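Encoded as structure tokens, the structure appears first; notes follow it.
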Amino acid sequence: MLSSSGVLCVKRFDSVHTCGAAVRTSRNPRAGSDLVSTVVADRERDKPLTRPTDVVFDLKNEYGLDISYRVAWLGVEKARGEVYGDHATSFDQLRWYSNSVMQKNPNSYINLEFDQKTGSFVRHFISFRACIDGLNHCRPMLFLDGTFLKGRFKGNLLAAAAKDANQGLFPVAFAIVDSENSANWEWFLRNLKEVVGGGRTLTFISDRHVGLLHSMPIIFPSAHHAYCLLHLQINLRDRMKYVNASYKIGLMRKLRECAYAPTVTCFNEKLEVLKKANPAVIEDFMKYLHPKHWSNAYFRGQRYREMCSNAAESFNNWVSEARHLPIMRLIDMIRGQIMEQMSERRVKCSKWAGVISPKMEKKLAAACNDSRAWCVSQANDDVYEVHSHPSMLVDVGKQTCSCFQRQINGFPCSHAVVAFRNSGRNIYGAIDSAFCIDTFRATYSGTIYPIPIVGRPLFNPAECLIAPPIGPNGREFHPMGR
């Protein structure tokens, strides 16, 4: 250091290191999990699904460090613990979180269960008030499904979702349970009943889990239970081993034609074709599969042409990153995603004009184009004959069509559109209010308020009431066999 100017001047440089640094390899303790945790902590905040294999590659590529998968895994786990909190202590923090939700979002519904003797977590159900209110403006139809959790203690996420007026996913309720079994589905449905109320006749669409088959008629006796067509097709495919793929696809297509058949007569014709293709397999497959749960011809509820439980599966994909987090952060991350979605759609619909939502307006325009060349004959003020191929009878007063698509879909078919056009009546008056823009706005009029983590009290082992779940061997789960 030059005293006159205060400038540091290097007069000699020795390139030989004496600080003890060495080449770091997987056998060198200097490249341990603490170092990995420090390096990947910022990355974990931006990308919760950071994989140990990516860390091994990146540390080698960027720093020339050779580390084992185990070291990378431990480092990622430590980083997640620093960023999101420890998996084990997160269960007890559900007490604070549940109280905070009820304070910030009054009249939400939460049910937290834990074993009073062992203190072990059992299950947790949550539905935010804004979701409960929004459901009243969605179609009376709920999609049910479950998915695996991928955090340290595993478990399953059960969810119920609806669709809004623009056919967008609308989460209603979800729960964390130890497994997707009959007892947990029954518990989920009993809690869900507290949320949805009994003012409307509901239609449920599910993958036909045995727990739902047993519990649905008991808990929702007046509801209609529709089976997911995609799962039925997969179940049929899996019954046929040692059969070539094209043959399986052909049978699945024939089953689909049966499901979409609009009348009983048409259904029976399609079913005969399906049975002739493979009598033994189809007879066994249909033994306990009543068509009232999967065929349009026999289904007595309103499913709005929703043949699959795609909304629930979309919800599972939507929360895929959250499934890796500690339970409290998992729930809060899902809350944050629902909160942001509701806010974004509330802003989006403020710019819409017209009567029905944009997606349904496009469907209506497509129906108008399809019917543009058809001629119409009038029988009386309400009844019209549409000369399509074949011709159809439309009653604009009763809002029915002999093609049955109007009744099945809950939305005007091409025949109904051209009949309304010739009658001089407003076609929008024949559209279910569930597809209207005003309904969409009402769906997202509520607000889910944030839960500031800054107010969370520090974990105190002496005050801990809820411990992690107990494993099948009667002991607490531990990662990597520790």
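Nothing in this text is a laboratory measurement; each read-out follows from the coordinates by a stated rule. Since we're looking at a predicted model, the values are computed, not measured. Every residue, glycine among them, receives a Cβ derived from its backbone with ideal geometry; neighbour counts consider all protein chains shown.
Going by a ≥ b ≥ c, the root eigenvalues of the Cα gyration tensor, does the stretch 93-344 fall in the rounded group (a/c under 1.5), the prolate group (a/b larger than b/c) or the oblate group?
Working: a/c = 2.21, a/b = 1.79, b/c = 1.23.
It is prolate, given that a/c is not under 1.5 and a/b is the larger ratio.
Each residue of the stretch 371-387 was assigned a 3J(HN,Hα) from its phi angle through the Karplus curve 6.51 cos²θ - 1.76 cosθ + 1.60 (θ = phi - 60°); the sequence is 9, 4, 8, 7, 9, 10, 10, 9, 8, 8, 5, 10, 9, 9, 10, 9, 8 Hz, with glycine and proline shown as x. Along the stretch 243-257 the Karplus relation, 6.51 cos²θ - 1.76 cosθ + 1.60 evaluated at θ = phi - 60°, assigns HN-Hα couplings of 10, 5, 4, 5, 5, 4, 4, x, 5, 4, 5, 5, 5, 5, 5 Hz to successive residues, with x for each Gly and Pro. Put simply, when 60-69, 91-100 are sorted by average Cβ atoms within 10 angstrom per residue, most first, you get 91-100, 60-69. When peptides 327-336, 112-121 are sorted by average Cβ neighbour count within 10 Å, with the highest value leading, the order is 327-336, 112-121.
Residue farthest toward the positive end of the dipole of the stretch 93-344, with Cβ of Lys/Arg at +1 and Asp/Glu at -1: which of Ser314, Leu330, Ala245? Towards the positive end, the residue furthest out is Ala245. Taking the longest Cα principal axis of the chain as reference, the axis of helix 327-349 is set at about 50 degrees.
Based on C-alpha pairs under 8 angstrom that are at least 6 apart in sequence, the chain has a relative contact order of 17 percent.
The charge dipole of the chain, taken about the Cα centre with unit charges on the Cβ atoms of Lys, Arg (+1) and Asp, Glu (-1), comes to about 560 debye, rounded to the nearest 20.
Please report the antiparallel percentage of DSSP beta bridges with both residues in the stretch 93-344, rounded to the nearest 5. Don't skip to the end; give the middle numbers.
Details: 23 of 30 bridges.
Of those bridges, close to 75 percent are antiparallel.
Chymotrypsin sites (Phe, Trp or Tyr not before Pro) within the stretch 273-318: which are DSSP loop residues with at most 12 other Cβ atoms inside 10 Å? Could you put the intermediate results ahead of the total?
Values: sites: Phe285, Tyr288, Trp294, Tyr298, Phe299, Tyr304, Phe315, Trp318; in loops: Tyr288, Trp294, Tyr298, Phe299, Tyr304.
Within the stretch 273-318, the qualifying chymotrypsin sites (Phe, Trp or Tyr not before Pro) (loop, at most 12 other Cβ atoms within 10 Å) are Tyr288.
A cut-off of 5 Å between modelled amide H atoms, ignoring neighbours fewer than 5 places along the same chain, links Ser108 with Arg129. Angle of helix 33-46 to the longest C-alpha principal axis of the chain, folded into 0 to 90 degrees and rounded to 10: 40°.
What is the order of Lys292, Lys276, Lys248, fewest Cβ neighbours within 10 Å to most?
Details: Lys292 15, Lys276 10, Lys248 18.
Least to most surrounded, the residues fall as Lys276, Lys292, Lys248.
Summing charges over all other residues whose Cβ lies under 13 Å from the Cβ of Ile427, with Lys and Arg as +1 and Asp and Glu as -1, gives +2. Placing unit charges on the Cβ atoms only, positive for Lys and Arg and negative for Asp and Glu, gives the stretch 93-344 a dipole magnitude near 420 debye about its Cα centre. Summing charges over neighbours of Thr447, with a neighbour being any other residue whose Cβ is under 14 Å away from its Cβ, gives +3 when K and R count +1 and D and E count -1. Taking a ≥ b ≥ c as the square roots of the eigenvalues of the Cα gyration tensor, the stretch 358-430 is rounded, since a/c falls below 1.5.
When the helix-only estimate is applied to the chain (DSSP H runs of n ≥ 4, each -39,500 (n - 2.57), divided by the residue count), what is the mean residue ellipticity at 222 nm, nearest 500 deg cm²/dmol? Don't skip to the end; give the middle numbers.
Values: 18 runs with 204 residues, N = 482.
Calculated mean residue ellipticity at 222 nm is -13000 deg cm²/dmol.
Of the residues Gly354, Tyr260, Tyr109, the one whose Cα sits farthest towards the positive end of the charge dipole of the chain is Tyr260 (charges of +1 on Lys and Arg Cβ, -1 on Asp and Glu Cβ, taken about the Cα centre). For the peptides 51-57, 140-146, the ranking by mean Cβ contacts within 10 Å, running from highest to lowest, is 140-146, 51-57.
With charges set only on the Cβ (+1 for Lys and Arg, -1 for Asp and Glu), what does the dipole of the stretch 358-430 come to about its Cα centre, in debye to the nearest 20?
Values: 8 positive and 6 negative charges, 64 e Å.
It works out to roughly 300 debye.
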